[in-house]
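Below: the structure, in structure tokens.
The values are calculated or read from the model by the stated rules, or taken from the named source; none is laboratory data. Just so you know, these numbers come straight off a predicted model, no measurement behind them. Here the Cβ positions follow ideal geometry from the backbone for every residue, glycine too, while neighbour counts run over all protein chains shown.
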Amino acid sequence: MPYIEKEIEKIYFTIGEVADKFGVATSLIRFWESEFSILHPKKNKKGNRQYTKADIEKLKLIYHLVKERGFTLSGAKEMLKKNPEELQNKMDAIESLRNVRQFLLNLKEQL
């Protein structure tokens, strides 16, 4: 039986990695951290922010509301307070539909 090397999964991500993932500046991530009470990344001894996957999911919700749907900061805060579970379900459905669309586009290119 051949040896299969397990892929190492990161636990913490730097603010630069998170900003690159969303295509925004690190200052915007810091600003959202000060504006939205749901964001609390861990900080190391040097004070560098360390984001977990849960933090990134919260940022994904904020990014969706502010950048994709065009909510104001106060509107996004209100949406996150009212029904975060429903919002998360909608985000999961949107992500699933995007993956299906990408799969179909790739399939179309292969034909």
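Of all residues in the stretch 66-77, those that are crowded, with 16+ Cβ neighbours inside 10 Å and charged (D, E, K, R) total 1. Could you tell me whether the stretch 97-106 includes any residue that is assigned to a helix (DSSP H, G or I), within 28 Å of GLU9 (Cβ to Cβ), within 14 Å of the chain's Cα centre (by Cα) and not hydrophobic (A, V, I, L, M, F, W, C)? No, because not a single residue in the stretch 97-106 is assigned to a helix (DSSP H, G or I), within 28 Å of GLU9 (Cβ to Cβ), within 14 Å of the chain's Cα centre (by Cα) and not hydrophobic (A, V, I, L, M, F, W, C). Hey, can you tell me all the residues within the stretch 11-65 that are of a type in the set (Val, Ile, Thr), closer than 14 Å to LEU80 by Cα and without any contact (Cβ under 8 Å) to a residue 40 or more places away in the chain? Within the stretch 11-65, just ILE62 meets the criteria. Considering TYR51, TYR63, which residue is touching a Ser or Thr at 6+ places or on another chain (Cβ under 9 Å), surrounded by 13 or more Cβ atoms within 10 Å (Cβ to Cβ) and either of a type in the set (Phe, Trp, Tyr) or modelled with pLDDT under 90 (or both)? One residue alone meets the criteria, TYR51. Quick one: is SER27 small (Gly, Ala, Ser), farther than 17 Å from ASP92 by Cα and either within 12 Å of the chain's Cα centre (by Cα) or modelled with pLDDT under 90 (or both)? So SER27 fails the test. Check whether at least one residue in the stretch 78-89 is without any contact (Cβ under 8 Å) to a residue 60 or more places away in the chain, surrounded by 10 or more Cβ atoms within 10 Å (Cβ to Cβ) and in contact with a Lys or Arg (Cβ under 6 Å, 6 or more places away or on another chain), and report yes or no. Scanning the stretch 78-89, I find no residue that is without any contact (Cβ under 8 Å) to a residue 60 or more places away in the chain, surrounded by 10 or more Cβ atoms within 10 Å (Cβ to Cβ) and in contact with a Lys or Arg (Cβ under 6 Å, 6 or more places away or on another chain), so the answer is no. Within the set PHE31, PHE22, the sole residue that is surrounded by 14 or more Cβ atoms within 10 Å (Cβ to Cβ) and within 23 Å of GLU78 (Cα to Cα) turns out to be PHE22. Looking only at the stretch 44-56, decide whether some residue is of a type in the set (Lys, Arg), more than 14 Å from LEU28 (Cβ to Cβ) and not in a helix (DSSP H, G or I). Within the stretch 44-56, one or more residues are of a type in the set (Lys, Arg), more than 14 Å from LEU28 (Cβ to Cβ) and not in a helix (DSSP H, G or I).
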